[in-house]
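**Student:** Here you go, one structure.
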Amino acid sequence: MPRVTVIAPPFHSHAAPLSVLAAGLRVAGVEVTFACAEEFALLAETAGVGFAQLTVSRNANTGIARRTRQAGEESKRLEEFLEATRAGAVPALLVQARHRAADMLAEPERVLAQLRALHARRPADWYVVDQLSYAVTLALHCLDLPYATFCPGHPSYLPAAPDALFGVPYAWPQAVRPSAADLQTLRGKARANERSFNALFSRFIARHAPHRPVPSRAFAHCSPRAVVLNYPQLDWLPPRPEGPAYVFSGHLTPTDTLDAGPFWNSEVRRLRQTGERLVLVALGTFLSARRDVLESVTRGILVERPDTSVILAAGDQANALAGLAGPRVGVAATVPQQALLSQVDAMVHHGGNNSFTECLAAGVPALLLPFSSDQFSVAHDAERSGSGLCLDPYRLEANKAGQAVSTLLDAPRHALNTLSAHVREQGPTRAARALIELMR
């Protein structure tokens, strides 16, 4: 039986889908170890796989970013990012670009030493590594250990074309179109980051593994054998780097029926009594901090759709937004999103990759409010595929949000149903089997 170690960064939005892939590998006949920070041991238990404690990043997010214990600098960067999300798309992306080295390539020597020790203690035939954990990929490259790459976000996170830059969306939704000057500034910062990462990779390899080749583009560096993309295979996606085989998982949610639990099942029944339709509003583990957006969306839905109730995932703003709770609104810090999607009629989310693919798997239309990262690319794909609508969260008006949700609730779902069926045909079991074949 082959032994595989799945290495996850300490971010719930990355570790959770990786743990589902780990479960798929186990079912397909692989002995799996899930390596992550101690706070994520329960994910390994749920997946039915072994666990090894491994922290590959100083930054972390265990489910609500602001409630996660952070070191001083990491907490400061989080607040700087959240403040930038009030200024616009490009300002948010520029802050992320400035934080990139500290967030994604921190302490590569420590990571190399930890992985060397882990492999000596629990040797694996091959590894699965999150593509955004550049220090881990760099360490595995230097140690010459076979690995597969897991791309947790939009496929364009692996830039292939010469003009494609990490941190610059490959396409924008209709509602968010930066000026030419802002785009030029963003591209300039992204080019500088690429040069910096290339130099860091080159120096590190020369110091620790001079016999190993130096990648021409650090951001595009991935397994030469296999890459798993947590995304559906859409016809218009940009090209990917040549070399590895690509496995589109479509979605990485558990394939068995999920139960939201007694409380939420009761809450859904309560909310359905006062509203025929039900909408889930959740902006992810970071952006739930945007209380103003959560409140505007909720109030807009209540006014524009008297027949509709709302479940609001409010993160660390749950107490501040408790006044919205009532016959048509349920407010909680966190919700069992994957389980609830089978019980709601639409969702409002931030364009995160997990929310996008989970909605597709559940056949739920979505209003996307992209703030940062790859969310603009995801929002573009949602619009083009007919699975969702997009509004600019930086210029959000409550009535416009309510009207957009109303449109989703009333619109035909032919395109969404077709794409949803395609996504459900894929999933973790199929992706795991394909990956095993490629890594033999």
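**Student:** From the list G386, G351, G363, pick out the single residue that is within 17 Å of the chain's Cα centre (by Cα) and on the phi > 0 side of the Ramachandran plot.
**Tutor:** Details: G386 fails: within 17 Å of the chain's Cα centre (by Cα); G363 fails: within 17 Å of the chain's Cα centre (by Cα).
Being within 17 Å of the chain's Cα centre (by Cα) and on the phi > 0 side of the Ramachandran plot holds for just one of G386, G351, G363, which is G351.
**Student:** Just to be sure, is L340 in contact with a Leu (Cβ under 6 Å, 6 or more places away or on another chain), closer than 27 Å to S420 by Cβ and among the hydrophobic types (A, V, I, L, M, F, W, C)?
**Tutor:** yes
**Student:** Answer with yes or no whether E397 is in contact (Cβ under 8 Å) with a residue 12 or more places away in the chain, under 21 Å from the mean Cα position of the chain (by Cα) and more than 20 Å from A16 (Cβ to Cβ). Before you say what the answer is, go through the steps one by one.
**Tutor:** Working: in contact (Cβ under 8 Å) with a residue 12 or more places away in the chain: yes; under 21 Å from the mean Cα position of the chain (by Cα): no; more than 20 Å from A16 (Cβ to Cβ): yes.
The answer is no for E397.
**Student:** Sort out which residues of the range 11-45 are among the polar types (S, T, N, Q), assigned to a helix (DSSP H, G or I) and either modelled with pLDDT of 95 or more or at positive phi (or both), and write them in order of number.
**Tutor:** S19
**Student:** May I ask you to list the residues in the range 290-304 that are more than 17 Å from R395 (Cβ to Cβ), buried (at least 23 other Cβ atoms within 10 Å of the Cβ) and in contact (Cβ under 8 Å) with a residue 40 or more places away in the chain?
**Tutor:** I301
**Student:** If you don't mind, another one. Under 6 Å between Cβ atoms, which residue pairs at least 6 apart in sequence (or on different chains) link something in the range 22-47 that is polar (S, T, N, Q) with a partner that is buried (at least 20 other Cβ atoms within 10 Å of the Cβ)?
**Tutor:** What qualifies is T33/T5.
The values are calculated or read from the model by the stated rules, or taken from the named source; none is laboratory data. Source: prediction; values computed, not measured. Glycine also receives a Cβ, built like all others from the backbone with ideal geometry; neighbour counts cover every protein chain displayed.
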